Amino acid sequence: MAKETNGWRLNRQVNISFLLELVLLGSLIVGSWFNLQRQLDMVGRDVVLLLERQKELCGKLETLQEKTISHEYRLRAMESASRHTSFPREQ
């Protein structure tokens with residue numbers, strides 16, 4: 001009867017140790033999950049900010065392109081006008 005009692009105590013200690021390990025493992029998994037969720041939220045926020053900055057940059061580039069085209073037409077017009085005035089027509 002004494003051996004059965006000792007065996008049962010050993011079994012109970014192993015079971016408690018095993019349960020403790022399972023609880024710790026579960027808490028590590030849950031902690032890792034929450035950490036990953038937080039990091040995913042941060043990455044999502046960064047992506048949104050990057051998309052906003054990209055839209056702003058695209059708008060600035062379009063404005064710059066419009067100004068460049070406008071200046072190019074003005075330059076061509078000035079060059080065309082200067083050719084007509086610098087070469088007198090033969091009559």
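Only the coordinates and a few stated rules stand behind these numbers; no lab work does. Because the structure is predicted, anything quoted here is derived from the model rather than measured. Neighbour counts run over all protein chains shown; Cβ positions are idealised from the backbone, glycine included.
Measuring r between the beta carbons of Val47 and Val14 and using R0 = 35 Å, the FRET efficiency lands at 0.10.
The modelled label-to-label distance for the pair Gln39/Arg83, using points 7 Å beyond Cα in the direction of Cβ, is 6.4 nm.
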